[in-house]
1. Hey, which lysines would be in cross-link range of Lys32, C-alpha to C-alpha under 22 Å, not counting anything within fewer than 8 residues on its own chain?
2. Compute a Gaussian network model of the chain, connecting alpha carbons closer than 10 Å, and tell me which residue from Leu26, Leu40, Leu71 fluctuates the most.
3. Among Gly76, Gly17, Ile7, whose Cα projects farthest towards the positive end of the dipole of the chain, with charges put on the beta-carbon of Lys, Arg (+1) and Asp, Glu (-1)?
4. What ³J(HN,Hα) values, in whole Hz, does the Karplus curve 6.51 cos²θ - 1.76 cosθ + 1.60 give for the stretch 19-28 when θ = phi - 60°, with x put for Gly and Pro?
5. For Tyr63 paired with Ala6, estimate the spin-label separation in nm (one decimal), with each label point 7 Å from Cα along the Cα-to-Cβ line.
6. For every helix of n ≥ 4 consecutive DSSP H residues, a contribution of -39,500 (n - 2.57) applies; sum these over the chain, divide by its total residues, and give [θ] at 222 nm rounded to the nearest 500 deg cm²/dmol.
7. For the chain, what is the charge dipole size about the Cα centre, in debye to the nearest 20, if Lys and Arg each add +1 at the Cβ and Asp and Glu each add -1 at the Cβ?
8. Within the chain, report the GluC sites (Glu not before Pro) that DSSP leaves as loop and that have at most 14 other Cβ atoms within 10 Å.
Amino acid sequence: MKELAAIVITVFLAELGDKTQLATLLFASGGKTSPLMVFLAASLALVAATAMAVLVGSAAAQYLENMPLKLIAGLGFIAIGLWSVYEHFSGAA
């Protein structure tokens, strides 16, 4: 049960404010499609994307067993954050 809660909380927090959520917000505010339809379509898209990630991750697990994936992912996120901060202060964006 702790694993389920950790996954739900992590994915929920990762999804807050991302471009997928913003796109869903725009579809819902457009007024041309019912909110229920937007919810169902967005939910189906998230389920499909998650299924692909689980399948690829499961298949790749046997090849990536000895690699420090959390460390590599963490360093990647730090690099993206540093690049964003650099762009903000350099006025490049």
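Just so it is clear, none of the values below were taken in a lab; they were calculated from the coordinates. Just so you know, these numbers come straight off a predicted model, no measurement behind them. Glycine gets a Cβ as well: all are built from the backbone with ideal geometry, and neighbour counts include every protein chain shown.
1. Lys19
2. In this elastic network of the chain, the residue with the biggest mean-square fluctuation among Leu26, Leu40, Leu71 is Leu71.
3. Going by the charge dipole, the pick is Gly17.
4. Once θ is set to phi - 60°, the couplings for the stretch 19-28 become 5, 5, 5, 5, 5, 5, 4, 5, 4, 5 Hz.
5. If labels sit at Tyr63 and Ala6, their model points lie 2.6 nm apart.
6. Values: 4 runs with 74 residues, N = 93.
After summing the helix terms and dividing by the residues of the chain, the value is -27000 deg cm²/dmol.
7. Working: 4 positive and 5 negative charges, 33 e Å.
With Lys and Arg at +1 and Asp and Glu at -1, about 160 debye.
8. On the way: sites: Glu3, Glu15, Glu65, Glu87; in loops: Glu65.
Filter output for the chain: Glu65.
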